[in-house]
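Peer 1: Let me give you the structure first, and then I'll get to my questions.
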Amino acid sequence: MVRTSARRATTSSRAVMVASASDYRDRVSDLAGVLVLWDIDGTLVTHAPSPRDRHAHAVGTVLGREVAPLAAGVGKTDRQIMVELFADHLPSEAEIEQAFAMIDALTEEDMVEAPSTAVSGVDAALLALTEAGAGHSVLTGNSPRRAELKLQAAGLAEHIDFDSGFYGHIHSTRMELVADAAQRLSLQEAVRPVIIGDTPLDILAGHASGIPVIAVATGIYSVDDLAEHTPHAVIDDYNDPVGLSTQIARVALR
Ligand SMILES: [Mg+2]
């Protein structure tokens with residue numbers, strides 16, 4: 001059910017911010033049954049500059065030689081990046097596992113020196129959506145361990161049900177990752193998933209799988225860049241949790 005508030009349109013954002021908690025609850029949409037599947041990088045967290053290219057370092061360690069990093073691969077899964085870095089060496093499953101163990105360990109080290117930080121306002125947005133009845137998990141190109149490490153470093157892990165997440169250690173492309181999520185979630189009748197992501201790949205994968213996508217311009221893509229790929233909704237940032245809950249209700253509960 002979509003409930004929009006006539007007041008919101010005529011209320012300044014400052015007035016919204018000072019509204020009482022009970023007033024706030026009256027205005028947010030009911031999101032019971034909604035599972036928000038968050039992308040991580042650029043959507044929930046931003047990164048301090050990394051001391052090294054972790055994927056190249058992990059694959060280089062397995063191969064026993066220097067491996068040059070790839071150009072930034074926005075929206076690629078960890079598995080996809082590693083397989084590309086193995087290049088003409090076709091990695092065995094054991095070598096891929098070794099590379100993942102290495103990158104998980106490197107990420108753990110790096111989160112101490114150069115931790116991920118929460119995107120501005122997302123903590124409050126997560127709380128507001130939870131208050132409205134939504135659950136939260138992740139749909140990410142990261143391995144499960146890296147996902148947890150990054151969100152712990154950013155102080156967001158407490159909001160996330162990691163067991164319900166979909167991760168990039170199994171699938172070679174985001175298309176496969178999202179298609180798997182759509183298939184597995186379709187078996188759970190009461191769950192209404194919504195993807196929130198910051199890249200065109202999140203949007204395209206959502207379209208291919210039938211899961212609605214809300215794009216957010218908190219990564220390197222602008223609202224206009226993202227709108228070209230026709231997400232179900234696009235927002236600038238997390239400064240309007242009531243607006244976001246309304247958008248989620250609109251796209252998830254159709
Ligand atoms: Mg991203």
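Peer 1: To test your reading of the geometry: what angle, between 0 and 90 degrees and rounded to tens, separates the Cα axis of helix 93-113 from the longest principal axis of the chain?
Peer 2: Helix 93-113 sits roughly 60 degrees off the main axis of the chain.
Peer 1: What's the extension gain from Glu97 to Ala32 if we count 0.36 nm per residue and subtract their Cα-Cα distance?
Peer 2: Contour length minus Cα-Cα distance gives 19.6 nm.
Peer 1: Choose one of Ala56, Gly243, Val74: the residue whose Cα lies farthest towards the positive end of the charge dipole of the chain (beta-carbon charges +1 Lys, Arg; -1 Asp, Glu; about the Cα centre).
Peer 2: The listed residue farthest towards the positive side: Gly243.
Peer 1: So the label point goes 7 Å from the Cα of Phe162 along Cα→C-beta, right? Which residues of the range 131-149 then have their backbone N under 19 Å from it?
Peer 2: Hits in the range 131-149 for Phe162 at 19 Å: 135-149.
Peer 1: Can you tell me the orientation of helix 200-209 relative to the chain, as the angle in degrees between its alpha-carbon axis and the longest Cα principal axis, to the nearest 10?
Peer 2: Computed tilt is about 80 degrees.
Peer 1: If you don't mind, another one. Could you give the radius of gyration (one decimal) and Dmax (whole number) of the Cα atoms in the range 88-159, in Å?
Peer 2: So, for the range 88-159, Rg and Dmax equal 15.5, 50 Å respectively.
Peer 1: Please name whichever of Tyr167, Gln183, Ile196 sits farthest to the positive end of the charge dipole of the range 110-254, dipole taken about the Cα centre and charges placed at Cβ: Lys and Arg +1, Asp and Glu -1.
Peer 2: Gln183
Peer 1: In addition: Below 8 Å, C-alpha to C-alpha, sequence gap of six or more: please give me the relative contact order for the chain in percent.
Peer 2: 26 percent
Peer 1: Over all directions, the average projected area of the alpha-carbon convex hull for the range 54-113 comes to how many nm²?
Peer 2: It is 4.2 nm².
Peer 1: With only alpha-carbon atoms in the gyration tensor, what are the semi-axes of the equivalent ellipsoid for the chain, in Å, largest first?
Peer 2: 34, 19, 16
Peer 1: Would you mind working out the magnitude of the charge dipole of the range 54-113 relative to its Cα centre, with +1 at each Lys and Arg C-beta and -1 at each Asp and Glu C-beta, to the nearest 20 Debye?
Peer 2: I would put it at about 220 debye.
Peer 1: Could I ask something else about it? How big is the charge dipole of the chain about its Cα centre, in debye rounded to the nearest 20, if each Lys and Arg gets +1 on its Cβ and each Asp and Glu gets -1 on its Cβ?
Peer 2: About 900 debye.
Peer 1: In whole Å, what is the distance between the alpha-carbon centres of the range 39-80 and the range 163-198?
Peer 2: Here the answer is 22 Å between Cα centres.
Peer 1: Further question on the same structure: Under the 0.36 nm per residue contour assumption, what length would be gained going from the current alpha-carbon distance of Asp88 and Arg184 to full extension?
Peer 2: Stretched fully, the Asp88-Arg184 segment lengthens by 31.2 nm.
Here, each number is a calculation from the coordinates, and none is a lab measurement. Small disclaimer: the values here were computed from a predicted structure and weren't measured. Every residue, glycine as well, gets a Cβ built from its backbone with ideal geometry; the counts of neighbours run over all protein chains shown.
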